[in-house]
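Values in this text are rule-based calculations from the coordinates and carry no lab data. All values derive from a computational prediction rather than experimental measurement. Counting neighbours? That spans all protein chains shown, and the Cβs are built from the backbone with ideal geometry, glycine included.
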Amino acid sequence: MFEVWVPITIAAALFQNIRSSLQKYLKGVLSTAGATYVRFFYAVPCVLLYILILRYGFQYDMPEINSRFVFFAILGAFAQIGGTALLVYLFSFRNFVVGTAFSKTETIQAAIFGLFILADPITFWALIAIVVSLIGVILLAIAHQDFGIKKLFASLLHKTAIIGIASGACYGVAAVSYRAASLSLKSDSFVMSAAFTLVLVILFQTVTMGIYLLVKEPGQLTAVCKAWKVAGVVGFTGMVASAGWFTAMTIQNAAHVRALGQIELSFAFLTSLIFFREKVNKAEITGIVLVVAGILVLLLWA
């Protein structure tokens, strides 16, 4: 059944794929932290313009801030930064792919956190969809490695696996927290609630990461400003993607949104196949089929 959160989520996934591709390009001229920072720094003017358009162009009233909103918005912002930091930390390990694969458990962890924090129900078919997609995502993550699913789960207690699961937990907490923050605002418009939450989150993340770069990597702030041509597009596409995620998660269970959001992997798969003409193996094909199958189950029966 068609619901408005579906096209919003698909659009968010598409713009996130574009943003991620541009960020990979920036990693050639910026550090990992610097390339990450541009998505926040250059998104600030975009998100401020967005909320002004909603307020004065569409006449949506600004919601009133409350303590629950501030708590969950900041918790989500911290959790997202933590998830990113853990994911980056994984790359310092030789078998980082193991941890990266386990970080993909974000969706099922979001379902658990959503159940406990917001009492968001998970239906049987939604759980099936999430699990099927998760297996597909993990297959994609290990497609070019010399070990299979059995060996992957045998390494469950290894340090990289634990860090990966922790990263996924952070992203799961962030998704549910953003939904909780947005829902706590008494607004007649879910679009304005999502945008208002996004403004606080991006401003907080920009200031927090800006202080970090100033202290730890001072030269990166200058480099970020010099890379404005590409970085500006990263900021814009990142803001559009985030606005889509926040809006969709205001309407629908965060786990459902993140599960459908796995369609981003399909976009990335097609991009590498069509534009870069990269070779694909059976694990990748099986993985993408499972991701799509999980999405179809979610949309048709969940």
With the Cα gyration tensor of the stretch 5-300 in hand, convert its eigenvalues to equivalent ellipsoid semi-axes via √(5λ) and list them largest first in whole Å.
29, 24, 18
State the extension gain, in nm to one decimal, for the chain segment bounded by A85 and L115, taking 0.36 nm per residue of separation less the distance between their alpha-carbons.
8.2 nm
Filtering the chain for DSSP H helices with an axial alpha carbon extent of at least 20 Å and a Kyte-Doolittle mean of at least 1.6 returns 67-90, 124-141, 190-216, 282-300
Per the charge dipole of the chain (beta-carbon charges, Lys/Arg positive, Asp/Glu negative, Cα centre), the residue among A101, A255, V6 reaching farthest to the positive end is A101
Residues in the stretch 241-284 reached by a label modelled at T123 [backbone nitrogen below 20 Å; 7 Å Cα→Cβ]
248-263
Counting other C-beta atoms within 10 Å, which of D120, D188, D146 has the fewest, and how do the rest follow?
D146, D188, D120
Sites removed, the longest contiguous part of the chain containing no DSSP-loop GluC sites (Glu not before Pro) with at most 16 other Cβ within 10 Å is 65-277
Simple spin-label estimate for V70 and I285 in nanometres, 7 Å along Cα-Cβ
5.6
Run the simple label-point estimate for L49 and I162 please: 7 Å along Cα→C-beta, distance reported in nm.
4.7
To the nearest 0.05, how large is the calculated FRET efficiency for S21 and A293 if R₀ is 22 Å and r is the Cβ-Cβ distance?
0.30
Would you work out if the stretch 145-234 is rounded, prolate or oblate? Take a ≥ b ≥ c from the square roots of the eigenvalues of the alpha-carbon gyration tensor; rounded if a/c is under 1.5, else prolate when a/b is larger than b/c, oblate otherwise.
oblate
Comparing F72, F269, F236 in a Gaussian network model of the chain (Cα, 10 Å), the one with the largest mean-square fluctuation is F269
Please state the shape class of the stretch 215-270: rounded when a/c is under 1.5, otherwise prolate if a/b exceeds b/c and oblate if not, all from the C-alpha gyration tensor.
prolate
Between the stretch 148-218 and the stretch 233-286, how far is it from one alpha carbon centroid to the other, in angstrom?
16
GNM, the chain, Cα, under 10 Å: largest mean-square fluctuation among V215, V132, V289?
V215
Taking the beta-carbon count within 10 Å as an exposure proxy, list S21, S187 from fewest neighbours to most.
S21, S187
Among G287, V191, L54, pick out the residue whose Cα is farthest towards the positive end of the charge dipole of the chain, where Lys and Arg carry +1 and Asp and Glu carry -1 on C-beta, about the Cα centre.
G287
Which residues make up the longest stretch of the chain that has no trypsin sites (Lys or Arg not before Pro) in a DSSP loop with at most 15 other Cβ atoms within 10 Å?
95-185
Viscosity 0.890 mPa s, temperature 25 °C: give me the Stokes-Einstein translational D for the stretch 72-119 in µm²/s, with Rh taken as the Kirkwood radius over C-alpha pairs.
204
Magnitude of the Cβ-charge dipole (Lys and Arg +1, Asp and Glu -1) of the chain about the Cα centre, nearest 20 debye, reported as 780
Given axes a ≥ b ≥ c from the Cα gyration tensor, I'd like to know whether the stretch 1-49 is rounded (a/c under 1.5), prolate (a/b larger than b/c) or oblate.
oblate
